Amino acid sequence: MKKSRTVLDRGQFAVQREMEKIMSKYETYRRQYPVFYYRRYELEEDAGKVCLQYFFEIPGLSEFSPKWIFPKAEHDRECYGKNPTFRRMAFFLGMTELVSYWKIACPPSVVVEAGSLDEAQIAWWKNLYYNGLGEFFYTNGIEADPETFLEIQSAGAPEPGEERPLVHPDGCLIPVGGGKDSAVTIELLKESQRPSCCYIINPRGASLETARAGGYRDGQIVSARRTLDARMIALNRQGFLNGHTPFSAIVAFSSVMAAYMRNLHYVVLSNESSANESTVPGSTVNHQYSKSFQFEQDFHAYEETYIKSGIFYFSLLRPLSEFQIARYFSKCTAYHDLFRSCNVGSREDVWCGHCPKCLFVCLILSPFLPEERIREIFGRDLLNDEALIGTMEKLTGIQQEKPFECVGSRGEVNTALCLTIARMEAENKPLPIVLAAYQKTALYAQYQKRKDGYSSGYDDQNLLPDEFDAIVRRNCVLPPLDTSGQKEKERK
């Protein structure tokens, strides 16, 4: 016992020392590189596409010039370079891009020369950066003050010209990442009968195949290309600061641009109520901050006040839990062999089978699909992998810190585990290693006695228009399931 305690103390000491080094690096970089410049953006276009290039600089360190390409629709003759509303969108997209480059050295001052911001906008962007970088600060051991970590100076001129909102927009733009959530949104929106398109950033197999499985063809799939500056990647490899940034904010601003180009009225996200739960208990640190309802509300208000495109941004799945989404998705069999949610395996478009995201998706689907089908989806038997017991403990709350991944709430995972155990016991099947380990915990005894509180739930904190609200209630608000397995046993 004494030996293990010594090892633990040494491990904690090593982590503490590493955190102190990073904090020292953070303070050193801020002194060495005190200013970050958002110099300008350039917009070029032809008959088929709009190209955007952004120009950022940390004097004395590096310049950066990431790029975006948005495809035009067939017969689109709009000159976006002369459209003040679109140019304002382009400027704001640059404001979301810059944080990925700012975090390299975290300069205390950001000077925005590419456009103009008023005091309320500056406060809005500071709030996004601070909360969206919560995981970055936490995992790097950086003690950042929300008031003083960053000062934004507006040094540019406002975009000239009149507002140009969409005229008689209709239809939906659905951002698709290739996971189960966007597949559920695609299926639900089939009831709306509105014209719609899928929106994909840097398409890969899963995202394209998900859209196609939903019935969308090439002309209905808007594929934007985002290119990171190689100099940022090189600096990360050299040991400059790195970590999680609010990618879903980039999805928000870029999707409104894509919807504007297609004259679509709604941008329909697939973020659920579970995204509101903090990753670190007792704190505001949330890996999914830019998927939270707080950000959804903030962005919706920002669009109405400062972009004024006429586009309505909301998440269709906001009233639902991950549990409800998984229950609905279990019946969407056309997507089961196509969807991918694993960040580790995203470049190869595979499930890695070892990370918290893989295990979470496995666990949340397990009450609704046979274990044989689960093994086919992931290509391996995750529930019999002893190495994943620790990950299960983080997902359920046995270990305090939740994984920094887009995963559901701890309560949902516990409920899913109890339901899967109940089903397998009713079928007289031996429990796999991960489930057997969970059954021995106090949480199992606690949740087994609880009723399923997720299937019939509906979070009223949402922005759903009435027609979409009705679709979600009709399809996804269902009778509770029995976590004790008693009803299943009685049927047997």
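Values for this structure:
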| read-out | value |
| --- | --- |
| So residue 234, is it without any contact (Cβ under 8 Å) to a residue 40 or more places away in the chain, closer than 25 Å to residue 52 by Cβ and either open to solvent by less than 10 Å² (accessible area, probe 1.4 Å) or not acidic (Asp, Glu) (or both) | yes |
| Verdict on residue 39 being open to solvent by 40 Å² or more (accessible area, probe 1.4 Å), at pLDDT 95 or above and touching a helix residue (DSSP H, G or I) at 6+ places or on another chain (Cβ under 8 Å) | no |
| Any hit, segment 250-260, residues being of a type in the set (Phe, Trp, Tyr) and buried (at least 18 other Cβ atoms within 10 Å of the Cβ) | yes |
| Any hit, segment 374-392, residues being at pLDDT below 95 and acidic (Asp, Glu) | no |
| Given (1) outside any loop (DSSP other than H, G, I, E, B); (2) under 23 Å from residue 180 (Cα atoms), index of the condition residue 436 fails | (2) |
| Those residues of segment 293-310 which are open to solvent by 10 Å² or more (accessible area, probe 1.4 Å) and either of a type in the set (Val, Ile, Thr) or closer than 30 Å to residue 480 by Cβ (or both), in sequence order | 293, 294, 297, 305 |
| Residue within segment 169-191 that is among the hydroxyl-bearing types (Ser, Thr, Tyr), open to solvent by less than 30 Å² (accessible area, probe 1.4 Å) and under 30 Å from residue 76 (Cα atoms) present | yes |
| Segment 159-171, residues that are in contact with a Ser or Thr (Cβ under 9 Å, 6 or more places away or on another chain) and within 18 Å of residue 304 (Cβ to Cβ) | 159, 162, 163, 164, 165, 166, 169 |
| Subset of segment 416-449 (residues that are buried (at least 20 other Cβ atoms within 10 Å of the Cβ), within 11 Å of residue 366 (Cα to Cα) and not aliphatic (A, V, I, L, M)) | 418, 420 |
| Pairs where the first residue, in segment 274-293, is basic (Lys, Arg) and the second is assigned to a loop (DSSP other than H, G, I, E, B), C-beta under 6 Å, 6+ apart | 291/271 |
| Lone qualifier among 452, 482 - being open to solvent by less than 10 Å² (accessible area, probe 1.4 Å) and part of a loop (DSSP other than H, G, I, E, B) | 452 |
| Residue identified as within 23 Å of residue 397 (Cβ to Cβ) and among the acidic types (Asp, Glu) among 296, 303, 322, 348 | 322 |
| Candidate set from segment 455-469 (those that are part of a loop (DSSP other than H, G, I, E, B) and touching a strand residue (DSSP E or B) at 6+ places or on another chain (Cβ under 8 Å)); member that is surrounded by the fewest Cβ atoms within 10 Å (Cβ to Cβ) | 465 |
| Out of 205, 214, 219, sole residue that is crowded, with 17+ Cβ neighbours inside 10 Å and not basic (Lys, Arg) | 214 |
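Matching residues to (1) more than 25 Å from residue 244 (Cα to Cα); (2) over 26 Å from the mean Cα position of the chain (by Cα); (3) assigned to a helix (DSSP H, G or I):
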site: 47; (1), (2), (3): yes, yes, no
site: 53; (1), (2), (3): no, no, no
site: 75; (1), (2), (3): yes, yes, no
site: 96; (1), (2), (3): no, no, yes
site: 101; (1), (2), (3): no, no, yes
site: 116; (1), (2), (3): yes, yes, no
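The values are calculated or read from the model by the stated rules, or taken from the named source; none is laboratory data. Just so it is clear, the model here is predicted, and its values are computed rather than measured. Note that each Cβ is placed from the backbone with ideal geometry, even for glycine, and that neighbours are counted across all protein chains shown. Ligands, DNA and RNA are excluded from the accessible area calculation, which covers all protein heavy atoms including side chains. Shrake-Rupley method; radii C 1.70, N 1.55, O 1.52, S 1.80 Å.
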